[in-house]
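Before any comments, here is the structure.
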Amino acid sequence: MSKARLEAFSDGVLAVAITLLVLDLHLAPGNGTSLLAQVAAAWPSFAAYVVSFLVIGVIWVNHHSVLRLVVTVDRLLLFWNLILLMFVTAIPFTTATLSAALADGSAADVRVAAVLYGGVSTGFAVAFTLLFGRVTLIEVREGRLDPRERRGALRRFGAGTVFYPLLTIIGIVYAPAMLVGFTALSVYYLFNQTGAAEA
């Protein structure tokens, strides 16, 4: 498969996933409650939407940065990419589940929703790190990347594999703090952690 096909397929999947997030945003006009009160009551949906939109958006930006490094596309790279996309497409579901639990669920429901949300996030962090590892390993083998630079970039890029599970544990105790932590991680990944120069 050419890199162009890989990019086109991935961009399409990411675009669908980020668009699906908005389907969970809705109000209930005509129920006798003011619009302002409805918006205030729907804060979990808006908060989860913003965080998840930022997460998927940053994944898209970094996916572009990683694929810029690709010269050779092999089967293992394709499979890691598919696994990454599998987790990303689950984000709208876990976002809706978490926002519903925060709005109307019991404490137990919120804990389960936090584990689902954090588990999917941990999954895409691991898959993305494995994808990045595969891309950079090919670069090292073909003499385009220094192994020491690869190790440093892997440590920076793989930070999410440590912090997403930790934030999930925090989310079991207090889910809004998990969302704040996920936002902070997204800000971290807004900066180029691949070690490659930007075009």
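Among Thr89, Thr122, Thr72, whose mean-square fluctuation peaks in a Gaussian network model of the chain (Cα, cutoff 10 Å)?
Looking only at Thr89, Thr122, Thr72, the biggest GNM fluctuation is shown by Thr72.
Counting Lys and Arg as +1 and Asp and Glu as -1, each charge on the Cβ, what is the dipole of region 3-190 about the Cα centre in debye, to the nearest 20?
My answer is approximately 680 debye.
Estimate the FRET efficiency between Tyr188 and Leu35 by the formula 1/(1 + (r/R0)^6), using the beta-carbon distance for r and 45 Å for R0, to the nearest 0.05.
Efficiency, from the Cβ-Cβ distance: 0.80.
Please give the contour-minus-distance gain from Ala28 to Phe93: 0.36 nm per residue of separation, less the Cα-Cα distance, rounded to one decimal in nm.
Taking 0.36 nm per residue and subtracting the Cα distance, the gain is 21.3 nm.
Set the Förster radius R0 to 22 Å, insert the Cβ-Cβ distance between Asp104 and Leu82 as r into 1/(1 + (r/R0)^6), and round the FRET efficiency to 0.05.
Efficiency computed from Cβ-Cβ geometry: 0.05.
Just want to confirm a number: the relative contact order over the chain, from Cα pairs under 8 angstrom separated by 6+ residues, in percent.
Here the relative contact order equals 26 percent.
Just add up the charged neighbours of Phe157: K/R +1, D/E -1, any other residue whose Cβ is under 13 Å from the Cβ of Phe157.
My count for the surroundings of Phe157 gives +4.
Between Ile172, Gln38, Phe87, whose Cα lies farthest towards the positive end of the dipole of the chain when Lys and Arg beta carbons carry +1 and Asp and Glu beta carbons carry -1, centred on the Cα centre?
After comparing all options, I get Phe87.
By count of other Cβ within 10 Å, fewest leading, how are Val173, Val115 ordered?
By the 10 Å Cβ count, ascending: Val173, Val115.
Who wins for biggest fluctuation among Gly119, Gly152, Gly181 in a Gaussian network model of the chain, springs between alpha carbons below 10 Å?
Gly152
Could you work out the local net charge near Val126, counting Lys and Arg as +1, Asp and Glu as -1, over the other residues with Cβ closer than 15 Å to its Cβ?
Net charge in that neighbourhood comes out at +2.
Any read-out appearing in this document is the output of simple, stated calculations on the displayed coordinates, not a laboratory observation. The model shown is predicted, which means the values in this text are computed figures rather than measured ones. All Cβ positions, glycine included, derive from the backbone under ideal geometry; neighbour counts span all protein chains shown.
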